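Bear in mind that the values in this text are calculations on the coordinates, not laboratory data. Since the model is a prediction, treat every value here as computed from it, not as a measurement. Here the Cβ positions follow ideal geometry from the backbone for every residue, glycine too, while neighbour counts run over all protein chains shown.
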Amino acid sequence: MVLQIIRLKSNLSEEELIKRAKDRAPQFELIPGLIQKYYSKVGDASYAGVYVWESKESISAFKESELAKSIPAAYEVVEAPDIEILDIMFQLRE
Amino acid sequence: MSASKKLSFESYNDKFKKDILKLFYSNCPKYFDPIDENELIDFLDNYADENYLVVLEGDKVIGCGGHYTKDQKHGIAWVFFERYVFGQKKLFHYADVFYKEIERRMIAEKRFFDVEIHTTKLMERFFNRYGFRTIKIEKDGFGKGLHAYTMKKPLNPIA
């Protein structure tokens, strides 16, 4: 499993950002290899999507999708998003 | 270090030409070859548009640079600050503010292309600071002994 953290700063109000995220959620539910996604707030106008993927190959396939291309515009980012990818070594609970 | 003053940005017009050339000379010969002056003048006279910005500290011109978009790529051209005037810490602070402004303007166009720049080894670490990575080194690309570094930063690293 792989953890991907996408941090972004948005021009949207929190309420509007949540609305857009919920509107888009059904499309994310269909992404192959995406086990879970957590929608997180980092600070003022700063948010993070925390993705749990089956593998790096799943991330590579997602990168080619229109959905991935649409993220900055959908959330009206004000600077380039930041990405961190972490290999999960093991997990506490099954 | 003296306190940093608030910066402002104005699109280039002819009234700034003399000041920009002065900044250019302050960067010769370490960062630019003086023979590049004609190329810079040609750029200022014929290509600098509203995206080419002059950096002002109060009413003093201290830097310049800007972006362009071509063939589904953004580029950054003719970026420099006045040398020998600011300490490194203040210069880096001003450069950070200026780079953010350039990136903000690229993003405001809602075209999330990669940003590609052509620079030298001297500036590689500087641009690493803003997330650029070197993708190509062309030996002697800018003249004998001056290798051309192509660096890239995706505005949408998700895709």
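With a ≥ b ≥ c the root eigenvalues of the C-alpha gyration tensor of region B:70-159, is it rounded (a/c under 1.5), prolate (a/b larger than b/c) or oblate? It is oblate, given that a/c is not under 1.5 and a/b is not larger than b/c.
Sorted from largest to smallest, which semi-axis lengths in Å does the alpha carbon gyration tensor of the protein assembly as shown give for its equivalent ellipsoid, taking the root of 5 times each eigenvalue?
Working: eigenvalues 303, 84, 58 Å².
Values for the protein assembly as shown, descending: 39, 21, 17 Å.
Local charge for A:Val42 was computed over the other residues whose Cβ lies under 11 Å away, with Lys and Arg +1 and Asp and Glu -1, and equals +1. Note on A:Ser55 and A:Leu3: their simple-model spin labels are 2.2 nm apart, each label 7 Å out from Cα toward Cβ. For region B:92-138, the square roots a ≥ b ≥ c of the C-alpha gyration tensor eigenvalues yield an a/c of 1.5 or more together with a/b not exceeding b/c, which makes the shape oblate.
The ellipsoid equivalent to the alpha-carbon distribution of region B:72-114 has semi-axes of 26, 11, 6 angstrom, derived from the gyration tensor eigenvalues as √(5λ) and listed largest first.
Sparsely packed loop sites in region B:1-97 (the chymotrypsin sites (Phe, Trp or Tyr not before Pro) outside DSSP H, G, I, E and B with at most 13 other Cβ atoms within 10 Å) comprise B:Tyr47, B:Tyr84. The modelled label-to-label distance between B:His118 and A:Ala73, using points 7 Å beyond Cα along the C-beta direction, is 2.9 nm.
Under the combined filter of DSSP loop state and at most 11 neighbouring Cβ atoms within 10 Å, chain A retains these chymotrypsin sites (Phe, Trp or Tyr not before Pro): A:Phe90.
Here B:Arg83, B:Arg104 are placed in order of increasing Cβ neighbour count within 10 Å, fewest first, which gives B:Arg104, B:Arg83. Quotient of the Cα radius of gyration of chain A and 2.2 N^0.38 Å, N being its number of residues: 1.08.
Can you pull out the GluC sites (Glu not before Pro) in region B:82-150 that DSSP calls coil and that have at most 13 other Cβ atoms within 10 Å?
Details: sites: B:Glu82, B:Glu101, B:Glu103, B:Glu109, B:Glu116, B:Glu124, B:Glu138; in loops: B:Glu82, B:Glu109.
For GluC sites (Glu not before Pro) across region B:82-150 that sit outside H, G, I, E and B with at most 13 neighbouring Cβ atoms in 10 Å, the list reads B:Glu109.
Per DSSP helix of 4 or more residues, -39500 (n - 2.57); summed, then divided by the residues of chain B. What does that give at 222 nm, rounded to the nearest 500? Kindly include the intermediate steps, with their values, before the conclusion.
Details: 4 runs with 49 residues, N = 159.
So the calculated ellipticity at 222 nm is -9500 deg cm²/dmol.
Give the distance, in whole Å, between the Cα centre of region B:72-95 and the Cα centre of region A:33-64. Comparing the Cα centres of region B:72-95 and region A:33-64, I get a distance of 34 Å. The overall shape of chain B is rounded: from the C-alpha gyration tensor, with semi-axes ordered a ≥ b ≥ c, the ratio a/c is less than 1.5.
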